[in-house]
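Here is the structure we will look at, set down as structure tokens.
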Amino acid sequence: MQIISCVDYADMSRKAARIIAAQVQLKPHSALGLATGSTPIGTYKELIRFHLNEELDFSKVITVNLDEYYGLSPEHEQSYRYFMQHNFFDHINISPENTHVPDGLTRDVAKTCAEYDSIVASLGGTDIQLLGIGDNGHIAFNEPHTYFFAQTHLVDLNEETIKANARFFESEVEVPRQAITMGMRSILSAKRILLLASGSKKAEAIAQMINGPIDPQLPASILQVHPNVMVIADEEALALA
Ligand code: F6R
């Protein structure tokens, strides 16, 4: 794993955005694996800035998001589709049909998951997979005790994650209890992985991911087997590593 230490969130966001921008410039039809959450928002802002000020062209880019809450419609303000539109897609020249987020309203979960895996497989894996990390070491919605070789699947969210995500909802009872998530197998098929982390709440998980054993208790630890992982994190997140 390559570790890039940043002074703060803004520095982390700039460094991540520069790498993604370079990828898109070198290969205009890049496949980008994208994440939601608070961590990548600054990166998306920088990429929007590159698009507006430096004509970074997303017209041929294909995106595949990691996950979606099960039961939320794309119009729900806390759905990950809404998040992506609002924080990124609506501000760049990406073709809507090139953006993929799992369907949170599907009635046939198995079919939706299989189709999602086919999209990732048809791309030969994403060129860059952007990741955040949960305080408990989760990646996408692959929670502790995860099965490392799973593909896209429906998961029950654990109490820690429901509590952590309650900040985005009016109350904790409104947080969906399930999500459709890419599995570790789909994530590891990426050619390059950029994991972002900011703040002291992530320090324990980051230290274990880098220095601990590969253990399903800390899902991010499986990234140690991937040949091309860059961890872009600020000093607070790297404090225990
Ligand atoms: C989001 C996702 C999650 C987040 C993680 C960290 O698509 O898959 O795993 O990356 O929960 O969230 P933040 O960035 O809000 O700390």
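Loop-resident GluC sites (Glu not before Pro) (DSSP state other than H, G, I, E or B) in region 95-171 with no more than 11 further Cβ atoms inside 10 Å of their Cβ: 170.
Between residue 2 and residue 172, the distance separating the two model label sites (each 7 Å from Cα on the Cα→Cβ line) works out to 4.1 nm. Pairs of Cα atoms nearer than 8 Å and 6+ residues apart set the relative contact order; for the chain it is 26 percent.
Over the C-alpha trace of region 158-241, radius of gyration and Dmax come out as 14.5, 41 angstrom. Would region 101-241 count as rounded, prolate or oblate if I go by the C-alpha gyration tensor, calling it rounded below 1.5 in a/c and otherwise prolate when a/b exceeds b/c, oblate otherwise? Oblate, since a/c reaches 1.5 and b/c is not below a/b. Karplus-based coupling profile of region 44-54, in residue order and whole Hz: 5, 4, 4, 5, 5, 4, 4, 5, 6, 9, 10, with θ = phi - 60° in 6.51 cos²θ - 1.76 cosθ + 1.60 and x standing for Gly or Pro.
The slack between residue 228 and residue 75, meaning 0.36 nm per residue of separation minus the straight C-alpha distance, is 51.5 nm. Annotation: amide H of residue 6 within the under-5 Å range of 233, 234, 235, sequence separation 5 or more or interchain, hydrogens built in the peptide plane.
Residues 12, 182 in ascending order of nearby Cβ atoms (within 10 Å, fewest first): 12, 182. The order of 171, 189, going from fewest to most other C-beta atoms within 10 Å of their C-beta, is 171, 189. Sequence-ordered 3J(HN,Hα) estimates for region 106-114 from the Karplus curve with 6.51, -1.76 and 1.60 and θ = phi - 60° stand at 4, 9, 10, 4, 4, 5, 4, 5, 5 Hz, glycine and proline given as x.
Region 108-129 and region 151-175 have Cα centres separated by 23 Å. Which of rounded, prolate, oblate describes the chain, given a ≥ b ≥ c as roots of the alpha-carbon gyration tensor eigenvalues and a/c under 1.5 marking rounded, otherwise prolate only if a/b is larger than b/c? Judged from the Cα gyration tensor, the chain comes out rounded (a/c under 1.5). Taking other C-beta atoms within 10 Å as the exposure proxy, 128, 210 rank 210, 128 from fewest upward.
Simple rule: put +1 on each Lys or Arg Cβ and -1 on each Asp or Glu Cβ in the chain, find the dipole, and look at 141, 154, 193; the Cα lying farthest toward the positive end is 193. The modelled label-to-label distance for the pair residue 163/residue 93, using points 7 Å beyond Cα in the direction of Cβ, is 4.8 nm.
Rule-based calculations on the coordinates, nothing more; no lab input. Since the structure is predicted, the reported quantities are computational estimates derived from the model, not experimental observations. Every residue, glycine as well, gets a Cβ built from its backbone with ideal geometry; the counts of neighbours run over all protein chains shown.
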